[in-house]
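The values are calculated or read from the model by the stated rules, or taken from the named source; none is laboratory data. Everything quoted here is computed from the prediction, not taken from an experiment. All Cβ positions, glycine included, derive from the backbone under ideal geometry; neighbour counts span all protein chains shown. Calculation scope for accessible area: heavy atoms of the full protein, side chains included, ligands and nucleic acids excluded. Shrake-Rupley method; radii C 1.70, N 1.55, O 1.52, S 1.80 Å.
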Amino acid sequence: MFRYLAQRLVAVIPTLIGISLLVFVAIRLVPGDAITTMLGTEAGMLTEKQRASLEAYFGLDKPMVEQYFSWIGRVLQGDMGYSVRHGKPVLTLILERFPVTFELAMLSLVIALAIGISIGTLSAVRHNSMIDLFGRLFALTGLAAPNFLIGTLLIYVLSVYFGILPNAGDYTDFTENPLKNLKQIIFPALTLGFSFSASVMRTTRSAMLEVLGQDYIRTARGKGLRPRAVIFGHAVRNALIPIVTLAGVELGYLLGGAVIVEKIFALPGIGRLTLNAISQRDYALIQGATLFIAFNFVVINMLVDLLYAAIDPRISYVSKK
Amino acid sequence: MSARSDSIGELAKEPSVLRRLLRSRSGALGLVIVAFYVTVAVLGLLQITPYPPTEQHRVDRLQGPSSQYYLGTDMFGRDLLSRLIKGSTNSLYVAFSCVAISSTLGTLIGTASAYIGGTFDNVMMRIMDIFFAFPAILLALLVVVILGRGLDKTIIAIAVVYTPIFARVARGPVLSVKEMEYITAARCIGMHHRRVVFFHVLPNTLAPLIVQVSLALSWSLLTEAGLSFLGLGIQPPEPSWGVMLSESQGISEIAPWLMIYPGLAIMLGVLGFNLLGDGLRDVLDPRMKRLR
């Protein structure tokens, strides 16, 4: 297991280097020189000397390769640069916003898995019944409705019929006031959770249909096990693998910040931070946040790989030499 | 000899993909929806709309659906139906263009990568992995940061997102097809690699790509709508479903039709392409049918 973990860790290193290169090059491809893009219109007020000293300070007078290595060296030491717009280090900003995104991601995932696995299992067990038809319609609708549409509809229904304004702003931290925090985060989590539950349902249904057709299920039924024991003890556990893969990929996306949903519900998460950085042309922040999100995504995918062993006893990471 | 002619006879009786697609309920429904959208998009392209889509009728602002404005008007008094029709043109133009670009580029990359194999394949796939490490909307946003906003730039941004997916989908079947005996035979008679790839490898790996094209069209519609909703895709006053939905924010309480119709347009469009993709998969890869 440790050997496998080490192998996986080594294998993600080239991807991580590639991501850092891509982000570094992408920001440098933005038209205009770095000082102007960093300071915006204020760059026009700089004298030649000031501009040159700023360029020297940020290492912009050095060759591109040297700039990359010095940047990545600083990133590895926790220095992701400084956001001129916010007046704070980029890492501080990211770490301030990450708990919001993390909470939203986890809650959405729980909602999606609860809805998706239950409807998917029911749909597969009652294959070709009215329940199955309802389940498939649910999945089709969920897959076709973008989360910003669900969010907008939810806000409409809540504000018009219930007098609640879920996107009123003034976010409260969980540690400050858990109840108020949950009230603010539940609607965006429901939006994301519902959106994602459709694919969970579809995956669960097809995995369950495949598993339910296997010989060992027939054996389990044949030896007189109760249907519930067959489904939960034998079928669901074996159908979990594709669901874990899907959940892992989705969690990676969710931790990258649900850009649109965070914007609609005015949640101060990573997604909204990145979006604001883009509209304010805050390049240091765009660079840092994008790098953080992509790294997160790779690490989560690796963890999901490791989770397989815990779920499926057939998968063993012991070397077969 | 007779066995051979029998099998040829059976092959001749095999109904066409279109006929089999029309026989599957989801495929047929998908095809009808997609055909409807394409027709509406063509109407928009030919400027056959009740009113010019950006024409403002200030006295008729925020009117509900009526015989004068079938789907109502927005906050500038623009006719919603006309904007929806032109929006379909823009949204479908973006979706088809970016899928055309990403499927061509992705197929070329994936096929070349699998056919050449070895270190080249390894390097190409690791590069694709890097693109996979970015959530789709974030990668599209990163491209928008570099290129700026607007219709054509949106197309490039979404194409960048979907090219690696096509590369991966194209690569798999090529890996198995290139080991087939007829490929070895083609090489043995001295056929050039390029000819082998385009005339023997690619035609035999098209089925998963065709399915992917239909699904990618639905994702592209969603990504475009998302980017435009954020104000980073198609720019107002030019309509697109995402732009219209974004414009409805804040006033949907008093004018819910501004949110409902573009929302329905997105949902039905995505549903159509999804159903078509599912139908195509049933027809082209019958093993999948039972599991859906």
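When residue B:77 is tested against (1) farther than 30 Å from residue B:52 by Cβ; (2) outside any helix (DSSP H, G or I); (3) in contact with a Lys or Arg (Cβ under 8 Å, 6 or more places away or on another chain), only condition (1) is not met. Filtered by the rule that a residue be part of a helix (DSSP H, G or I) and free of Cβ contacts under 8 Å to residues at least 60 places away in the same chain, the range B:249-265 gives B:259, B:260, B:263, B:264. Scanning the range A:219-264 for residues that are farther than 26 Å from residue A:84 by Cα, within 12 Å of chain B (Cβ to nearest Cβ) and more than 15 Å from the chain's Cα centre (by Cα) gives A:239, A:242.
Residues that are surrounded by 15 or more Cβ atoms within 10 Å (Cβ to Cβ), assigned to a helix (DSSP H, G or I) and not β-branched (Val, Ile, Thr) within the range A:164-191 comprise A:181, A:184, A:187, A:188, A:189, A:190, listed in sequence order.
Conditions (1) in contact with a strand residue (DSSP E or B) (Cβ under 9 Å, 6 or more places away or on another chain); (2) more than 13 Å from chain A (Cβ to nearest Cβ); (3) open to solvent by less than 60 Å² (accessible area, probe 1.4 Å); (4) under 28 Å from residue B:33 (Cα atoms), marked per residue:
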| residue | (1), (2), (3), (4) |
| --- | --- |
| B:92 | no, yes, yes, yes |
| B:102 | no, yes, yes, yes |
| B:109 | no, yes, yes, no |
| B:114 | no, yes, yes, no |
| B:156 | no, no, no, yes |
| B:161 | no, no, yes, yes |
| B:200 | no, yes, yes, no |
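What residue, among those in the range A:205-239 that are surrounded by 16 or more Cβ atoms within 10 Å (Cβ to Cβ) and either in contact with a Gly (Cβ under 7 Å, 6 or more places away or on another chain) or β-branched (Val, Ile, Thr) (or both), is nearest to residue A:123 (Cα to Cα)? This residue is A:205.
Test residue B:211 against the stated conditions and say whether it is of a type in the set (Val, Ile, Thr) and either buried (at least 22 other Cβ atoms within 10 Å of the Cβ) or not in a helix (DSSP H, G or I) (or both). Spelling it out, residue B:211 is indeed of a type in the set (Val, Ile, Thr) and either buried (at least 22 other Cβ atoms within 10 Å of the Cβ) or not in a helix (DSSP H, G or I) (or both). Kindly check whether there is at least one residue in the range A:74-83 that is farther than 22 Å from residue A:300 by Cα and open to solvent by less than 50 Å² (accessible area, probe 1.4 Å). The answer is yes; a qualifying residue exists.
Scanning the range B:151-194 for residues that are over 30 Å from residue B:241 (Cα atoms) and of a type in the set (Asp, Glu) yields B:179, B:181.
Would it be correct to say that residue B:225 is small (Gly, Ala, Ser), within 8 Å of chain A (Cβ to nearest Cβ), surrounded by 24 or more Cβ atoms within 10 Å (Cβ to Cβ) and in a helix (DSSP H, G or I)? For residue B:225, the condition - small (Gly, Ala, Ser), within 8 Å of chain A (Cβ to nearest Cβ), surrounded by 24 or more Cβ atoms within 10 Å (Cβ to Cβ) and in a helix (DSSP H, G or I) - is met. Considering only the range A:129-152, how many residues are more than 11 Å from chain B (Cβ to nearest Cβ) and open to solvent by 10 Å² or more (accessible area, probe 1.4 Å)? Qualifying residue count for the region: 6. Candidates B:279, B:269, B:263: the one that is modelled with pLDDT under 90 and within 13 Å of chain A (Cβ to nearest Cβ) is B:279. Among the residues here, residue B:129 does not qualify as among the charged types (D, E, K, R) and over 23 Å from residue A:250 (Cβ atoms).
Checking each residue in the range B:39-70 for being open to solvent by 30 Å² or more (accessible area, probe 1.4 Å) and closer than 13 Å to residue B:261 by Cα picks out B:65, B:70.
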